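Below: the structure, in structure tokens.
The values are calculated or read from the model by the stated rules, or taken from the named source; none is laboratory data. Since we're looking at a predicted model, the values are computed, not measured. Cβ atoms come from the backbone with ideal geometry, glycine included; neighbour counts cover every protein chain shown. Accessible surface areas use protein heavy atoms only, side chains included; no ligands, DNA or RNA. Shrake-Rupley method; radii C 1.70, N 1.55, O 1.52, S 1.80 Å.
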Amino acid sequence: MRNEEIKQMSDLDLNEALNEQKAALADLKFNHTMAGLENPMQLSEQRKTIARISTEINMRKKNA
């Protein structure tokens, strides 16, 4: 998910996306611990996506 896509989302959609991404990260971490992932960079990308969404939420709160 890119910054352009994130900026076009509504506040409600951002909160839903943040919850979904956090759940997906938890699943990836569990799977990585149990069996290992083919591409461990997925964990890093997931964390970056969560950070992008969180940053946009915080910027909107600050500007409101």
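Per residue, how large is the accessible surface of the stretch 1-45? Use a 1.4 angstrom probe and give square angstrom. For the stretch 1-45, the solvent-accessible area averages 77 Å² per residue. When only the Cβ of Lys, Arg, Asp and Glu is charged (+1, +1, -1, -1), the dipole of the chain relative to its Cα centre reaches about 360 debye. What relative contact order, as a whole-number percentage, does the chain give when Cα pairs under 8 Å and 6 or more residues apart are counted? Relative contact order for the chain comes out at 49 percent. What the phi angles of the stretch 22-32 give under the Karplus curve with 6.51, -1.76 and 1.60, with θ = phi - 60°, is a coupling list of 5, 5, 5, 5, 4, 5, 4, 4, 5, 5, 5 Hz, glycine and proline written as x.
Largest to smallest in accessible area, the residues M9, M1, M41 fall in the order M41, M1, M9 (1.4 Å probe, all protein chains included). The HN-Hα couplings worked out from phi for the stretch 52-57 by the Karplus form 6.51 cos²θ - 1.76 cosθ + 1.60 (θ = phi - 60°) are 4, 5, 4, 4, 5, 4 Hz, whole numbers, x standing for Gly and Pro. Largest to smallest in accessible area, the residues K62, K48 fall in the order K62, K48 (1.4 Å probe, all protein chains included). Report summary: the helix-based calculation at 222 nm, which adds -39500 (n - 2.57) for every DSSP H run with n ≥ 4 and divides by the residues of the chain, gives -28000 deg cm²/dmol. Rolling a 1.4 Å probe across all protein chains gives I57 an accessible area of roughly 20 Å². Measure off, as a whole percent, the carbon and sulfur share of the 1.4 Å-probe accessible area of the chain, all protein chains present. Here carbon and sulfur together make up 50 percent of the probe-accessible area. Take S54: with every protein chain present and a 1.4 Å probe, its accessible area is about 40 Å². Over the chain, the fraction of Cα-Cα pairs per 10 Å bin, rounded to whole percents and listed from the shortest bin up, is 21, 47, 23, 8, 1.
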